[in-house]
Amino acid sequence: MKKSVLDNKGKKVEEITLHDEVFKIEPNNNVLAQYIRVYTTNQRTGTSKTKSKGEVAGGGAKPWRQKGTGRARAGSSRSPIWVHGGVAHGPLPKDWTLKLPKKMKKLAMRSALSLKETADALFVVNGLGMDKISTSAMSAAVKTLGLKGSVLYVWNKKDEKVMKSISNLTNIRAAYAGSLNPYDLISAKTVLFEKDAVLDINERFKK
C-alpha cells in the first residue's frame, strides 16, 4: 500500500510503500481482545498485603488463664476477632502475569494498525520541525494536521523539543516505536507516526 508523508503544515511531501500484511489485514478482533486483557492484567502490581495474627506486633502473652475466669478461652490479643488483631485470609502478594505467544502478539499489533488505517486515523509526518520548546506551537501543529481527539505520536529518534512541547498537552502523548503495543494504538483516537518510526514498524511486523 502507498502512504502519504506530510510535513508539519499538512502538505504531502512524498509517498512511501508499506506492507499490506502489516497495515491492511482483516483485523482479528478476538486476538486483539485477548492481547488487551493480558496487557491490562499485567499492569497489576499484585503487592496487596495484610498482616496475619502472627505478623501483628504484640500479643505474645496469653491474655488470661485457660480455665476458671468464666470468659472464652483466648491465646492471643492479636486474634482476628480482637480489635487491633491480625486479618484472617487477607490478600497476599501475587503474580498476575499472563502471557501470549509471539505470533498472537504480532497478529494483535497488525490488527490494531489495520484498524487505524481503515478508519483513516493513521498519519505519517516527516517531522514536526519544532524550532523551540512550545506547547502552543505543538497544539497549533496538531490542529493544522487535522488530528482529532486523543493523539498518539510515535517517534523513532527522540527530539527533546518535541517531547517537552507535548508534555503539557492532555490530548497528545508520545510513544517510542520500539516499545509500541496494540493497547497504545487502540487507546488513541488518532495515530501520528514519524516517518522513520512507521518504516521501522513496517519491517518488524511483516511476516
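The values are calculated or read from the model by the stated rules, or taken from the named source; none is laboratory data. Just so we're clear, the structure is a prediction, and the values are computed from it rather than from any experiment. Backbone-built Cβ (ideal geometry, glycine too); neighbour counts: all protein chains shown.
Just a few scattered comments:
- Applying a threshold of 8 Å to beta carbon distances and a minimum spacing of six or more residues, or different chains, the list of pairs starting in the range 90-109 at a residue that is over 28 Å from Lys51 (Cβ atoms) and ending at one that is among the polar types (S, T, N, Q) and not in a loop (DSSP other than H, G, I, E, B) reads Leu98/Thr41; Leu100/Gln34; Met104/Gln34; Ala108/Gln34.
- Residue that is surrounded by the fewest Cβ atoms within 10 Å (Cβ to Cβ) [pool: residues in the range 135-155 that are outside any loop (DSSP other than H, G, I, E, B), touching a residue at least 40 places away in the same chain (Cβ under 8 Å) and hydroxyl-bearing (Ser, Thr, Tyr)]: Thr144
- Gly127 vs. criteria closer than 23 Å to Thr40 by Cα, of a type outside the set (D, E, K, R) and surrounded by fewer than 19 Cβ atoms within 10 Å (Cβ to Cβ): no
- Subset of the range 147-165 (residues that are of a type in the set (Val, Ile, Thr) and modelled with pLDDT under 90): Val162
- Scope the range 4-56; condition in a loop (DSSP other than H, G, I, E, B), β-branched (Val, Ile, Thr) and under 19 Å from Val198 (Cα atoms); matching residues: Ile25
- Check on Arg110, out of contact with any Pro (no Cβ under 6 Å at 6 or more places or on another chain), at pLDDT 95 or above, of a type in the set (D, E, K, R) and not assigned by TED's automatic domain parsing to the domain that holds Val154: no
- Within this structure, Asp120 passes the test of being surrounded by fewer than 10 Cβ atoms within 10 Å (Cβ to Cβ) and under 30 Å from Arg204 (Cα atoms).
- Residue that is surrounded by the fewest Cβ atoms within 10 Å (Cβ to Cβ), among those in the range 37-80 that are closer than 30 Å to Tyr183 by Cα and touching a Pro at 6+ places or on another chain (Cβ under 7 Å): Thr47
- Failed criterion for Met130 (all others in (1) out of contact with any strand residue (DSSP E or B) (no Cβ under 6 Å at 6 or more places or on another chain); (2) over 19 Å from Asp196 (Cα atoms); (3) not acidic (Asp, Glu) hold): (2)
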